[in-house]
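Worksheet: the structure to be examined is printed underneath.
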Amino acid sequence: MKSSLYNQDMYKYDVPEDSLWESTQGDAVVNTKKMEDSNSCDVAIIGGGYTGLSAAYHLAKDYDIDVVVLEAGHIGWGASGRNGGFCSVGGVAESSENLIKKYSLEDVRSYYQSQVEAIELVRSNIIDEQMDIKIQGSAEIQVARSKRNLEEMTEHADFQRKYLGLNATVISKENLKESYFDANEQWGGVALKPTFGLHPLRYANGIAIAAIKNGAKLFSDSEVIDWEKNNGSHYLRTKSGTLKAKYVIFATNGFMPEYLLENFKARALPIISSIITTRVLTTEELAAHKWQTDNPVINSRKLVNYYRLLPDNRFLFGGRGSSSGDQAGAEKNYNYLIKVMRSIWPHWSNVEIEHKWHGFVCFTRRLTPSIGRLDDDPSVFFGFGYHGNGVNTSTWTGLQLAKWLGKYGNNNQIPRNLPNLVQGLSPKFPLSALRRYYLQGMIQFYRFKDAVRENRS
């Protein structure tokens, strides 16, 4: 039975999200159509976001495998075309210390090194495929909003350098003000390399075009509404056609239609993330806050905010939301986000907001990505759960799934370079029908803590 955690406003696949990215795609838009009639392939991919597109690109290019992508909306309709455009180290929501206790230092270090590789993979995709994308910045600036936060960040940066092999350097309060920007809630921070910003929908389109060029077939407006397996073959049915495949890659992340297969029920927790962008800022307005960096930035609020200056001098500001996903809840989230942005950047309080949009980030119960193939059906592969860090993590996941299927499709061997902390399905969420409600309670609690801390500062 088809059901969704959020209001159906979040799942209107035939309606593009009214985002800045949709209105600035450039000329390299993917030319696709809906799947019709009966079709067949070696590998079917459900989901036309970064994971599915990256897998299709590498399956076609590196292994000459007949692959078809089915996307419910247009290519990049979901999180891949809506995110903030941060290509940065992350992908997990668990602390490094807890991860080490669960998986070992060696495995955690391996994972974080794969994150660095993932960032460079995205960079090479953009350059090699000559995508019309401006790469912005070289580091993610993590801003401490209190002296205590800065002490914690400094200690963690030392840990990252010593044990994880990451390039993390501390920025003093004075240096942050003089060399990056000057705003409320900043006591210094950390610069973590490598990181850069990009246009996320142009990137999704770029991978899609590259995949098609190498022989992959992509269908848009082709929501999978039924999935059966008979005589060793998978049958994926849309409203207008059927696709027969030997293997399936399930790559839907936060918009996961978990009703399609029982194995995936209650494995993911989608969380609404909202973004606003201003009109183009003037030189005088930028100078008012001493803005002089093109690096992406996050802050140390409990409900972290992320922001960056775009190539045309629009300011992007994002954060987690809490609502059912209906229009009224969306507006409430946008208004809260605008209020927070203007409290941090008071000289921009009267600057107009031109675009507002939202989507899902995807969490798992173990707070790490979930990558693998089903134990009870090795012909089904999956990748999801990037915890708000999908640009590089999902691109890398798609590559890993392509390698896995291309090299070991006929046996149960697991690639040796895949860190243990990402392998297999994460445990199910308890009381799965109530996932959204206990999430909303947590978000409201964190908003309260952020407000208390703001009043004390």
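Overview of results
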{"quantity": "Where labels lie 7 Å past Cα in the beta-carbon direction, separation of Ala93 and Glu352 in nm", "calculated": "3.6"}
{"quantity": "Fully extended contour minus Cα-Cα distance, from Arg237 to Lys290, at 0.36 nm per residue", "calculated": "13.6 nm"}
{"quantity": "Residues with amide H under 5 Å from that of Leu218, placed H, sequence gap 5 or more", "calculated": "Val69"}
{"quantity": "Once the Cα gyration tensor of the chain is diagonalised, semi-axes √(5λ) in Å", "calculated": "35, 24, 22"}
{"quantity": "Calculated P(r) tail over 15 Å for the stretch 131-205, as whole % of Cα pairs", "calculated": "60"}
{"quantity": "Whether the stretch 1-70 is rounded, prolate or oblate, judged on the alpha carbon gyration tensor where a/c under 1.5 counts as rounded", "calculated": "oblate"}
{"quantity": "Kirkwood hydrodynamic radius of the stretch 335-436, Cα pairs, Å", "calculated": "16.7"}
{"quantity": "Computed lengthening from Arg148 to Lys162, 0.36 nm per intervening residue step minus Cα-Cα distance", "calculated": "2.9 nm"}
{"quantity": "Principal semi-axes in Å for the stretch 68-109 [√(5λ), Cα gyration tensor, largest first]", "calculated": "33, 13, 9"}
{"quantity": "The chain: calculated mean residue ellipticity at 222 nm from DSSP helix runs of at least 4, using -39500 (n - 2.57)", "calculated": "-10500 deg cm²/dmol"}
{"quantity": "Low-density loop cleavage sites - trypsin sites (Lys or Arg not before Pro) in the stretch 1-109, where at most 10 other Cβ are within 10 Å (DSSP)", "calculated": "Lys2"}
{"quantity": "Counting all C-alpha pairs of the stretch 205-327, share separated by more than 25 Å (%)", "calculated": "53"}
{"quantity": "If the convex hull is drawn through the Cα atoms of the stretch 239-283, its volume per residue in Å³", "calculated": "192"}
{"quantity": "Length added when fully stretched, Asp377-Lys12, from 0.36 nm per residue minus Cα-Cα", "calculated": "128.3 nm"}
{"quantity": "For a label point 7 Å along the Cα-to-beta-carbon line of Thr24, residues of the stretch 63-93 with backbone N under 14 Å", "calculated": "82-86"}
{"quantity": "Label-point separation, Glu331 to Glu174 (7 Å along Cα→Cβ), nm", "calculated": "4.9"}
{"quantity": "Entries of Lys33/Lys428; Lys229/Lys403; Lys33/Lys193 with Cα pairs more than 31 Å apart", "calculated": "Lys33/Lys428; Lys33/Lys193"}
{"quantity": "Inverse mean reciprocal Cα-Cα distance (Kirkwood Rh) of the stretch 266-358, Å", "calculated": "14.0"}
{"quantity": "Förster radius 45 Å - calculated FRET efficiency between Leu105 and Glu228, Cβ distance, rounded to 0.05", "calculated": "0.55"}
{"quantity": "Relative contact order (percent, whole number), the chain, Cα cutoff 8 Å, 6+ residue spacing", "calculated": "25"}
{"quantity": "Mean shadow area of the stretch 44-145, taken as a quarter of the surface of its Cα convex hull (nm²)", "calculated": "9.2"}
{"quantity": "Share, in percent, of DSSP beta bridges within the chain that are antiparallel, nearest 5", "calculated": "65"}
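Only the coordinates and a few stated rules stand behind these numbers; no lab work does. Values in this document were obtained by computation on a predicted structure and should not be read as measured data. Every residue, glycine among them, receives a Cβ derived from its backbone with ideal geometry; neighbour counts consider all protein chains shown.
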